[in-house]
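Since the structure comes first, as structure tokens, the remarks are kept for the end.
The values are calculated or read from the model by the stated rules, or taken from the named source; none is laboratory data. Keep in mind it's a predicted model, so treat the numbers as computed, not measured. Using ideal geometry, Cβ is built from the backbone for each residue, glycine included, and neighbour counts are taken over all protein chains shown.
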Amino acid sequence: MIWIERKGLTALDRKLVMQAGPSAVRPVVRARAALAKLVEFGWLQTSDDRRYGLSEAALVELKLPSTPSAETTTEAQPLAAIDSAASS
């Protein structure tokens, strides 16, 4: 999640993560797992497991402008929990 925050991304796809993301999550299996965890914890939302957008909760936490979304999520878990899960 820190990489997404540093890049100022509000939307991304799996291809971007595998090509330009942190080296630890570039392999396809790890990219899918990391993105799935971010969705599970409420930081990202997706409808097709290929394209992802920050959830409303993530936008609020990161103090980014809110964008209209067809999907809503519940409360997001703390960023530290996401980062530690992605690194394991």
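Annotations for the structure displayed:
- All positions within segment 52-83 that are of a type outside the set (A, V, I, L, M), over 19 Å from Arg14 (Cβ atoms) and modelled with pLDDT of 65 or more: Glu56, Glu61, Lys63, Pro65, Ser66
- Among (1) among the charged types (D, E, K, R); (2) under 13 Å from Met1 (Cβ atoms); (3) modelled with pLDDT under 95, the one test that Lys37 misses: (3)
- Segment 39-51 residues that are under 10 Å from Asp13 (Cα atoms), paired with ones that are charged (D, E, K, R) (beta carbon under 7 Å, 6 or more apart): Arg50/Asp13; Arg50/Arg14; Arg51/Asp13
- In segment 7-19, the residues that are surrounded by 14 or more Cβ atoms within 10 Å (Cβ to Cβ) form Cβ pairs under 7 Å with partners that are β-branched (Val, Ile, Thr), at six or more places apart or across chains, as follows: Thr10/Thr67; Leu12/Ile4; Val17/Val25; Met18/Val28.
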